[in-house]
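**Student:** Shown below is the structure under consideration.
Nothing in this text is a laboratory measurement; each read-out follows from the coordinates by a stated rule. Keep in mind it's a predicted model, so treat the numbers as computed, not measured. Every residue, glycine among them, receives a Cβ derived from its backbone with ideal geometry; neighbour counts consider all protein chains shown.
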Amino acid sequence: MWQTSRSTMKRIRTVSKYVSTPDSIYALWDAIRAGLALLEPPPKLSVSEWADRYAYLSAESSAQPGKWITATAEYQRGLMDAGSDMTIERIVAMWGAQLGKTACLLNINWYYTAHDPSPMLMVQPTLEAAEDFSKERIAPAIRDTPALSKLFRSPRSRDSNNTLLKKEFPGGGLALAGANSPAGLASRSRRIVQGDEVDKWEASAGAEGDPGKLMEARTATFWNKKIIYTSTPSIKGASRIEREFLKSDQRRYFVRCPHCDEEQVLEWGNLKWPAPKGEDGKPDPRPDECYYVCGANGCEVLEGEKPEMVRHGVWRATKKSIDGKTAGFHLNALYSPWVTWPDLIRKWLDAQGNPNELQTFVNASLAETWEIQGDRVETEIFKDRVHPYQAEAPAGVLVITAGVDVQKDRLEASAVGWGAGEESWALDHRVFQGDPAKPDVWAELDDWLQREWEHESGIMLRIRCTLVDSGGHHTKQVYWFTKAREHRRIYACKGRGGSHPLLGRPSKQGDAQALLYMVGVDSAKELFYARLKIESEGPGYCHFPDDPSTFDDEFFAQLTAEQQVPIVRDGLKVMVWRKRRDRNEALDLRVYAMAALERIKPNFPLVAARIKQKAERVKAEPASEAFILGAPAPAPPSSTKPKPRSRTRPGGWINAWKG
């Protein structure tokens, strides 16, 4: 169309007052062609088609870096293509972990970066998480994808338009924000907004209100907006992603049975495995021999048949969305090409008896919400758990931890022995009367923390780790006491309610700069009460000594002093722990001892081997004559010098005895 003959060029030279060379004429037409090419619309591509042509996976975020191939996990196509479907305004993905959810989210991003430039906003649970996501996922993808790298300035250039939280490109830009940061959510208008891991968001972004509402408000001026929510679910009734999913058309991924060709959704309850009884009479699960029972005709489907089923699967809506514009996608790990069915079964078996791990499995692997049942335990449950010990520390004890509670007029401490599978033995409970503002009572506690327990094997065991509560009375004294003893793994702690891990990361606090650990007390209580319901000795079972002078009715009443009750918070039903009686110190001490065990994370098989070796050495040593005859041990030689007492040091009451 744009080719020009030499005769035409000569006429142009004749009529023009300026003399042009043939080369300049050709250059002019080349420029015109290039300009007109810019006016041509881009080819019509869906997100998955764009990704298959241009996207790459980075080594930092993928076990299989290189060219993106949607067919690797065919179910990803439906989620991605919803991002380019103009009839869909809202997308909700309630997916399990290790299913490619984040990669799909990024491919939607890159589609609107390179193919249909638009202003975008991605919201992570916190500002710190947004910065980490930018470094670990955004930057490597831009670096390794040629279609993207040419659109962004070099990360080393001093450009205000290319920072951790802002990436500008021709025709648009990507901003990253934290759900806890109102400033980031109140940025300028955005056509595409994405909320990632929304069940980890706080209920409110400071005083500004719900972060989801703030994020959606950025799209108000766009007729072709996209609002995307993705997350693994959390607690039933408190899950943001479940709430959004229930408003959608609730799509499920249907696959065909390779034997009867019937369509169905893969469900955990249909996955079976043999568990014959072993020599000890206990079930012996065999995950590697598992099979899936077809929900239509009972056909047995093997793991090796799963890839072909998933490859030919299809998304089908099971409900009608409230607004007619919301597509919801639910997917569990049974479909994953990266997680096998035997691996899932092993996770399930390992989680038995541990509510926290079981909840993680239900949320992250099955993509289902976890329903909390109100929990309470009565003192009668201890009747069958109290029995005489054969030694101060029974044979099953491998590690000892302790918890310390600080009251106005006393210190209370409990020592707990732990064995394989976190089977536990209550060993001691002490009350040290005295004013914790003075050093005497702390000195008594310090002596007790250094005592030894005689193990049934004949060796002596000491406390390996202790947590001291600093959240109530005498916080400063706790910090000074623990700081001087951190080399003995004695640390300050503070309880924190809500959905938090058993033990958080430490921070330095107070003038002493003592290490402070946050303890997820709700998680610990739920775990402890679940273990009290275990009826057979073994992993998780709780033993108590037949010693009424120490472990009396009051002690057991304190252990069962709380229960879970439902309340409504920020419009959502949540379960919280409430006291049934005033005193609950024994329960708090058990929680701190559990958190102390989490702090050291002992390798129980290795510890057991070392105890056995040490016990054998003790037995092999020749006994002294005094021991054989039962006579008292001889006095030490008179030349032995007594151990000098430590001197009082200036600089505060605590230095007088912290030694």
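**Student:** With angles folded into 0 to 90 degrees, how steeply does helix 22-38 sit against the dominant principal axis of the chain? Use alpha carbons for both and round to 10.
**Tutor:** On a 0 to 90 degree scale, this one is about 50.
**Student:** FRET efficiency for L28 and A186, Cβ-Cβ distance as r, R0 = 60 Å, nearest 0.05?
**Tutor:** It comes to 0.75.
**Student:** Turning to a different aspect of this structure: With angles folded into 0 to 90 degrees, how steeply does helix 521-532 sit against the dominant principal axis of the chain? Use alpha carbons for both and round to 10.
**Tutor:** Between the helix axis and the principal axis of the chain, the angle is about 60 degrees.
**Student:** Only Cα pairs under 8 Å and at least 6 apart count here; give the relative contact order of segment 200-262 as a rounded whole percent.
**Tutor:** 13 percent
**Student:** Also, quick follow-up: Considering only C-alpha atoms, what is the centroid distance from segment 303-349 to segment 78-149, in Å?
**Tutor:** That distance is 20 Å.
**Student:** Right, another one. If each DSSP helix of 4+ residues adds -39,500 (n - 2.57) and the sum is divided by the residues in the chain, what number results at 222 nm, nearest 500 deg cm²/dmol?
**Tutor:** Working: 21 runs with 186 residues, N = 659.
When only DSSP H runs of four or more count, the value is -8000 deg cm²/dmol.
**Student:** Only Cα pairs under 8 Å and at least 6 apart count here; give the relative contact order of segment 379-613 as a rounded whole percent.
**Tutor:** For segment 379-613, the relative contact order is 24 percent.
**Student:** Could you work out how far helix 6-15 tilts from the main Cα principal axis of the chain, as a 0 to 90 degree angle to the nearest 10?
**Tutor:** Its long axis makes an angle of about 80 degrees.
**Student:** May I pose another question? Based on DSSP, what percent of beta bridges with both residues in the chain are antiparallel, to the nearest 5?
**Tutor:** Restricted to the chain, the bridges split so that about 50 percent are antiparallel.
**Student:** Relative contact order, percent, of the chain when contacts are C-alpha pairs under 8 Å separated by at least 6 residues?
**Tutor:** 11 percent
**Student:** Another question about this same structure. Over the residues of the chain, compute the C-alpha Rg and express it relative to 2.2 N^0.38 Å.
**Tutor:** Output field value: 1.27.
**Student:** Once you sort the root eigenvalues of the Cα gyration tensor of segment 480-602 as a ≥ b ≥ c, which label holds: rounded (a/c under 1.5), prolate (a/b larger than b/c) or oblate (the other case)?
**Tutor:** oblate
**Student:** Checking the a/c ratio against 1.5 first, then a/b against b/c, what shape does the Cα gyration tensor give for segment 46-152?
**Tutor:** It comes out rounded by the Cα gyration axes.
**Student:** Above 14 angstrom, tally the Cα pairs of segment 479-537 and express them as a % of all pairs, no decimals. Mind showing how you got there, number by number?
**Tutor:** Values: 1046 of 1711 pairs.
Of all Cα-Cα distances in segment 479-537, 61 percent exceed 14 Å.
**Student:** Once you order the gyration tensor axes a ≥ b ≥ c over the Cα atoms, which shape class does segment 379-613 get: rounded for a/c under 1.5, otherwise prolate or oblate by comparing a/b with b/c?
**Tutor:** Cα axes put segment 379-613 in the rounded bin.
**Student:** Jot down the radius of gyration and Dmax of segment 410-475, Cα atoms only, both in angstrom.
**Tutor:** According to the Cα coordinates of segment 410-475, Rg and Dmax are 13.8, 40 Å.
**Student:** Would you mind calculating the gained length between A420 and K614 on full extension (0.36 nm times residue separation, minus the Cα-Cα distance), in nm to one decimal?
**Tutor:** The span from A420 to K614 would gain 68.0 nm if fully extended.
**Student:** Let me ask something additional. Among residues other than G78 whose Cβ falls under 11 Å from its Cβ, what is the net charge (Lys/Arg +1, Asp/Glu -1)?
**Tutor:** +1
**Student:** When ranked by the protection proxy of mean other Cβ atoms within 10 Å per residue, highest first, what sequence do the peptides 52-65, 112-125 form?
**Tutor:** Order by mean packing, descending: 112-125, 52-65.
**Student:** Further, regarding this structure: Where does segment 47-365 land on Rg(C-alpha)/(2.2 N^0.38 Å)? Each step should come with its number before you reach the end.
**Tutor:** Values: Rg = 20.8 Å, N = 319, 2.2 N^0.38 = 19.7 Å.
Working it through for segment 47-365, the quotient is 1.06.
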